[in-house]
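Asker: Below are the structure tokens for one structure; questions will follow.
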Amino acid sequence: MSRIEVVSLVKEWNGTRAVDNLSFVVPEGTFTVLLGPSGCGKSTTLRMIAGLEDVTAGRVLIGGKDVTRADPAKRQVSMVFQSYALFPHLSVAENILFGLKVRKIAAAERDKRLKRVAGVVGLEDFLDRKPAQLSGGQRQRVALARAIVAEYPVCLMDEPLSNLDAKLRGEMRSEIRDLQRKLGMTMVYVTHDQTEAMSMADQVVLMKDGVCEQIGTPDDLYNRPSTAFVARFLGMPPMNVIRLACGAQGCRVAGLESDGSVTVEAGDGWLLGVRPEDIALDPSCGIPGQAIAVDYLGADSVVRIALGEQQIIARVAGHCQLGSGQPIRVSWTPAVQHLFDDQGRRVA
Amino acid sequence: MRIGGPVAIRNQVYGWLLLTPAAFLLVAFTHYPAVATLAQSFFTQGTALHPSKFIEFENYRFMFDDPVFWKVFRNNAIYSSITVPTSIAFAILMAIWVNEKLPLRGLVRMAYFTPTILPMIAVANIWLFFYTPEIGLLDQILGRFGFQSPNWLGNTDTVLGCVIVLAIWKDAGFFMIFYLAALQSLPVELEEAARLEGASRWYYFRRVTFPLLMPTTLFVMINSLINSFKLIDHLFILTKGGPDNASSLLLYYIYEVAFSFLDQAYASTLTVVLLALLALLAVGQFTILDKRIHYR
């Protein structure tokens with residue numbers, strides 16, 4: 001009974017729309033990530049689900065019940081804040097139990113839950129400490145413990161890992177994911193980090209300027225991006241989106257002569273998407289270009305290539321020895337092509 | 001560089017030369033008077049006929065038998081124990097109020113702060129107009145409703161209360177500024193987290209806001225306590241300590257003894273006692289409260 005439905009949600013601030021007609025459904029017990037660049041309205045959406053932000057228009061349903069105007073406390077959701085929002089003067093145990101005390105849950109029950117939750121997040125030895133005496137990762141765990149001790153079916157997280165270092169972030173990612181599965185929580189998770197979205201989500205809602213660009217599994221978003229924005233947003237390095245010039249003789253890379261022709265049926269000004277890992281470098285056949293720079297990453301190299309005025313990125317195995325300015329030819333099979341019209345909408 | 005070498009000596013001299021002007025002023029106007037006051041309290045007041053002589057604790061013994069001292073001491077105790085907590089309570093209330101989003105917030109904040117800008121003498125004159133019999137504001141209002149009002153400042157039962165109200169009015173706005181600054185440094189997420197847990201505003205204030213404001217409270221408490229002993233300007237305008245010393249405070253009594261009765265020795269004795277009292281209170285506040293305060 002914890003399915004979340006967001007229906008045509010709108011948030012306006014002084015006439016500007018931070019969230020514009022957003023709709024999605026989070027099925028019970030699943031993990032949905034709200035993904036997008038800074039200022040795209042993802043945090044605002046989360047805060048509207050929590051009830052911390054007033055809704056301008058639209059509805060929020062939790063477990064089939066309309067909670068659009070309900071008090072945050074009545075929604076039975078827990079939340080982890082980016083800053084963790086720990087009470088600095090209270091010990092770890094008091095922080096975790098804050099909500100249970102507010103709701104006057106009996107002391108015996110509180111102790112039982114505290115013990116269980118502290119075990120789950122590995123804080124047994126730190127219960128008497130103040131937040132200031134903990135490391136960033138431990139504080140993160142306290143925030144997590146406070147969210148799960150409530151035993152609410154819905155958990156909201158607002159960029160919970162952004163203050164941790166890369167290694168810890170990787171560990172916490174899988175821990176949060178495991179926890180969500182084990183406890184069967186319905187989770188909505190806000191991040192701007194595509195790695196978090198790809199590795200944790202059952203469903204990703206990718207937003208831009210308050211509008212939903214695409215909803216789907218990480219697989220959908222990566223392999224069938226519905227707009228050029230989604231294509232450019234996901235992947236490291238992101239997908240190459242090449243502008244085409246099409247005429248009676250067929251299509252070619254805009255700015256190149258006939259030797260830049262590609263096998264695709266498209267209109268003039270359409271966009272062709274190719275993932276960097278799908279591009280083959282060959283000195284003899286393909287579209288002519290010039291190597292600009294090579295970033296060697298160990299297992300592979302990322303090569304920046306100029307095709308006329310446009311730049312693309314290719315990812316090749318091993319240590320690529322191309323020098324700057326060296327001519328090179330690039331090619332790919334038609335099967336890996338993504339085609340977007342001049343508005344950036346997916347065609348094929 | 002060897003210790004005691006010529007360079008070291010020159011550095012020492014240079015350092016002392018830099019410090020001398022400030023040290024001279026400090027000694028002349030702070031340390032010497034303090035020590036002299038202490039010394040004077042062990043002597044009689046010298047006159048042309050009777051030069052001052054050492055009398056050990058005779059001045060202190062006299063003080064213990066002085067009914068006016070005890071009256072003034074009691075007044076000051078009542079005055080402090082009411083003005084300090086009340087002005088703190090008002091300061092917190094006002095700070096929370098003007099920290100919210102409300103129309104004309106800037107104006108309200110300024111209004112609360114205005115009494116702080118006014119000199120105490122001006123404040124006393126304003127309140128004199130409130131308290132004056134017949135033509136005063138209080139009498140006019142009460143008279144409208146057919147009440148007979150007392151002579152606020154002329155009555156031994158009401159005069160101390162009148163002075164206390166004025167002091168609170170003057171202090172609360174000043175302390176509000178400190179609380180407002182402290183409130184604004186509290187992260188909003190804390191309140192949001194508490195809201196999600198279902199904490200009422202009062203519960204949140206009691207369990208989170210107030211404890212986190214404690215460092216400010218300690219600071220304000222000590223300041224307002226010191227104020228309640230050292231700020232007596234209003235007594236000159238309003239009551240001159242009267243009637244029958246009913247509104248006299250320790251420092252005002254010291255002033256009277258020193259400059260009206262011209263008994264410097266006894267005034268010194270009272271000053272020493274006042275300072276000892278203040279030091280004791282400050283130490284007490286620090287040692288008792290400091291352990292319970294969470295500093296970020």
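Asker: What are the residues in the range A:187-208 that are assigned to a strand (DSSP E or B), open to solvent by 10 Å² or more (accessible area, probe 1.4 Å) and among the polar types (S, T, N, Q), if any?
Answerer: A:Gln203
Asker: Examine the range B:117-134 for a residue that is over 24 Å from B:Ala89 (Cβ atoms), at pLDDT below 85 and not acidic (Asp, Glu), and state whether such a residue exists. Full working, then the answer.
Answerer: Applying the first criterion (over 24 Å from B:Ala89 (Cβ atoms)) to the range B:117-134 yields B:119, B:121-122, B:125, B:128-129, B:132-134.
Remaining after also requiring at pLDDT below 85: B:132-134.
Pick out the ones that are also not acidic (Asp, Glu) and you get B:132-133.
Yes, the range B:117-134 contains at least one residue that is over 24 Å from B:Ala89 (Cβ atoms), at pLDDT below 85 and not acidic (Asp, Glu).
Asker: Same structure, new question: Mind listing whichever residues of the range A:96-124 are part of a helix (DSSP H, G or I) and touching a residue at least 12 places away in the same chain (Cβ under 8 Å)? Reasoning before the result, please.
Answerer: Filtering the range A:96-124 for residues part of a helix (DSSP H, G or I) gives A:96-102, A:107-121, A:124.
Selection gives A:Ile96, A:Leu97, A:Phe98, A:Gly99, A:Leu100, A:Arg110, A:Arg113, A:Leu114, A:Val117, A:Ala118, A:Val120, A:Val121.
Asker: Taking A:Arg129 as meeting all but one of (1) open to solvent by less than 30 Å² (accessible area, probe 1.4 Å); (2) outside any helix (DSSP H, G or I); (3) not aliphatic (A, V, I, L, M), write down the number of the exception.
Answerer: (1)
Asker: Next question. Restricting attention to the range B:283-296, which residues are open to solvent by 30 Å² or more (accessible area, probe 1.4 Å) and of a type in the set (A, V, I, L, M)?
Answerer: B:Val283, B:Ile288, B:Leu289
Asker: Are any residues in the range A:68-85 open to solvent by 10 Å² or more (accessible area, probe 1.4 Å), among the hydrophobic types (A, V, I, L, M, F, W, C) and more than 8 Å from chain B (Cβ to nearest Cβ), and if so, which ones?
Answerer: If the condition is that a residue be open to solvent by 10 Å² or more (accessible area, probe 1.4 Å), among the hydrophobic types (A, V, I, L, M, F, W, C) and more than 8 Å from chain B (Cβ to nearest Cβ), then A:Ala70 is the only one that fits.
Asker: Output the residue which, of all residues in the range B:182-222 that are away from chain A (no Cβ under 14 Å) and open to solvent by 60 Å² or more (accessible area, probe 1.4 Å), is nearest to the chain's Cα centre (by Cα).
Answerer: Once the filter is applied, the top-ranked residue is B:Phe219.
Asker: Still on this structure, please answer the following. All but one of (1) buried (at least 19 other Cβ atoms within 10 Å of the Cβ); (2) within 13 Å of chain B (Cβ to nearest Cβ) hold for A:Glu94, so report the exception by its number.
Answerer: If we test A:Glu94 against (1) buried (at least 19 other Cβ atoms within 10 Å of the Cβ); (2) within 13 Å of chain B (Cβ to nearest Cβ), just (1) comes out false.
Asker: Sort out for me the helices (runs of 4 or more DSSP H) sitting completely within the range B:1-85 that have 3 or more residues that are within 24 Å of the chain's Cα centre (by Cα).
Answerer: On the way: elements: B:6-26, B:32-40, B:58-64.
Ranges flagged: B:32-40.
Asker: State which residue is farthest from B:Ala265 (Cα to Cα) when the search covers only the range B:11-53 and only residues that are of a type in the set (Val, Ile, Thr) and touching a residue at least 60 places away in the same chain (Cβ under 8 Å). Quick ask: steps written out before the conclusion?
Answerer: Narrowing the range B:11-53 to residues of a type in the set (Val, Ile, Thr): B:13, B:20, B:27, B:30, B:35, B:37, B:44, B:47.
The next check asks that each one be touching a residue at least 60 places away in the same chain (Cβ under 8 Å); those that pass are B:37, B:44.
Values: B:Thr37: 8, B:Thr44: 6 Å.
The selected residue is B:Thr37.
Asker: For a quick check of your reading: which strands (runs of 3 or more DSSP E) sit entirely within the range A:224-309 and have at least 1 residues that are crowded, with 18+ Cβ neighbours inside 10 Å, free of Cβ contacts under 8 Å to residues at least 12 places away in the same chain and of a type outside the set (S, T, N, Q)?
Answerer: Passing ranges, in order: A:250-253.
The values are calculated or read from the model by the stated rules, or taken from the named source; none is laboratory data. Computed from a prediction, not measured in an experiment: that's the story for all the values here. Cβ: placed from backbone, ideal geometry, glycine included. Neighbour counts: every protein chain shown. Side chains are part of the model used for accessible areas, which takes the heavy atoms of the whole protein and leaves out ligands, DNA and RNA. Shrake-Rupley method; radii C 1.70, N 1.55, O 1.52, S 1.80 Å.
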